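The values are calculated or read from the model by the stated rules, or taken from the named source; none is laboratory data. Model, not experiment: these values are computed from the prediction. Here the Cβ positions follow ideal geometry from the backbone for every residue, glycine too, while neighbour counts run over all protein chains shown. The area values use the complete protein model at the heavy-atom level, side chains included, leaving out ligands, DNA and RNA. Shrake-Rupley method; radii C 1.70, N 1.55, O 1.52, S 1.80 Å.
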Amino acid sequence: MPTYSVILDARTAGAQLPRTLVAFDRAAGSWKDAHELLLVDDTGDRRLPDLAQRHHATLLPCTAATQGARLNAAVGASHGELLLFPGLVNRRVIDWLPEVEAERTWDAAVLPVQRQGRLLRWWNWLQRAASEDTYWVERAWFELIGGFDPQLDGDAPTDLLARLRACGARIWLASDDTVRHKTQCPSQDGHCRG
């Protein structure tokens, strides 16, 4: 049984998908056989089967219209104890993966996308999470809160994080300067899906 399930949404990844798959080939080298790579697709792009095969990814055709529903379908087909939902993948994300993996005192971990400029960093600080961020989530917590909201598209990842916080999950948030801190949010009744 794989320990890690890396789940990519072909529609969200768009033109960055080949570069993302190459980056995960490099990152997953240290994981040996303890991972699986799933690519959920609602585009029907004829190039994806070859691309998925080249990178040892399982291609999951899906007809769901929203990102939340597509990612839920991919999680349903996955087997990993930890779920990884890559956002905008760059060298910073690849360097962060082994570090956050070793930490393991969290239920979810987030690496925010790095924004340039003072105003953008301020906006990122206010927003706290964006759909371009990279998320690790323990499967047990994912299932406890009922997964992604299938009605949501681009906001599905940020909604998931908000519900995890509301349910008291231990969330490790890496700041833009890569200084780590953990947050423990108190449980708030009525926000957990069962």
(message) Which numbered condition in (1) modelled with pLDDT under 90; (2) open to solvent by 10 Å² or more (accessible area, probe 1.4 Å); (3) touching a Lys or Arg at 6+ places or on another chain (Cβ under 6 Å) is the only one that Trp172 fails?
(response) (2)
(request) Please indicate, with yes or no, whether at least one residue in the range 39-53 is at pLDDT 95 or above, within 17 Å of the chain's Cα centre (by Cα), of a type outside the set (Gly, Ala, Ser) and within 20 Å of Glu143 (Cβ to Cβ). (result) yes
(request) Would you please name the residue that is most open to solvent (accessible area, probe 1.4 Å), looking only at residues in the range 5-57 that are among the charged types (D, E, K, R) and in contact with a strand residue (DSSP E or B) (Cβ under 8 Å, 6 or more places away or on another chain)? (result) Arg11
(request) Please find, within the range 129-169, the residue that is modelled with the lowest pLDDT out of those that are within 14 Å of Leu82 (Cβ to Cβ) and of a type outside the set (A, V, I, L, M, F, W, C). (result) Thr134
(request) Please work out which one of (1) within 23 Å of Ala156 (Cβ to Cβ); (2) in contact with a helix residue (DSSP H, G or I) (Cβ under 6 Å, 6 or more places away or on another chain) is the condition Ala27 fails and give its number. (result) (1)
(request) Six or more apart or on different chains, Cβ under 6 Å: which pairs go from a residue in the range 52-69 that's more than 20 Å from Gln16 (Cα to Cα) to one that's open to solvent by less than 30 Å² (accessible area, probe 1.4 Å) and not hydrophobic (A, V, I, L, M, F, W, C)? Could you list them? (result) Ala64/Arg70
